[in-house]
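Participant: Okay, here's the structure, questions in a sec.
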């Protein structure tokens with residue numbers, strides 16, 4: 001029969017072995033992902049690998065890590081690009097609607113500041 005202290009020591013050693021296995025799997029997955037990214041040389045594959053490997057070793061925080069990676073890799077650049085396109089379209093509309101103040105000028109309208 002083992003004492004409680006011996007049992008705790010054995011359990012700690014077993015837990016360390018299990019954690020080493022998890023760390024080795026995580027490292028292998030990250031190295032494999034990097035190999036896939038370098039072989040593919042495609043930004044879409046790179047983003048997919050980053051998203052797939054972001055939750056490795058995070059435990060219960062894995063979904064949050066995936067969400068943060070999706071937000072930084074996909075959603076933020078898309079939102080920035082969308083905002084830039086909207087701004088350019090608004091500028092084009094504004095330039096078409098404001099008269100330049102010069103008669104006989106055929107071309108896009110220009111914004112002339114008023115003098116007060």
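All of the numbers you see were taken from the coordinates with simple rules; none came from a lab. On a predicted model such as this, the values are computed, not experimentally measured, just so you know. Neighbour counts are summed over all protein chains in view; Cβ atoms, including those assigned to glycine, are modelled from backbone coordinates with ideal geometry.
Participant: May I ask you to sort 53, 69 by Cβ crowding, counting other Cβ atoms within 10 Å and putting the fewest first?
Facilitator: 69, 53
Participant: For the pair residue 82 and residue 34, what calculated FRET efficiency results from E = 1/(1 + (r/R0)^6), where r is the Cβ-Cβ distance and R0 = 30 Å, to the nearest 0.05?
Facilitator: Between residue 34 and residue 82 the formula returns 0.50.
Participant: Once R0 is set to 35 Å, what does the formula 1/(1 + (r/R0)^6) return for the Cβ-Cβ distance between residue 42 and residue 64, expressed as a FRET efficiency to the nearest 0.05?
Facilitator: Given R0 = 35 Å and the Cβ-Cβ separation, E is 0.85.
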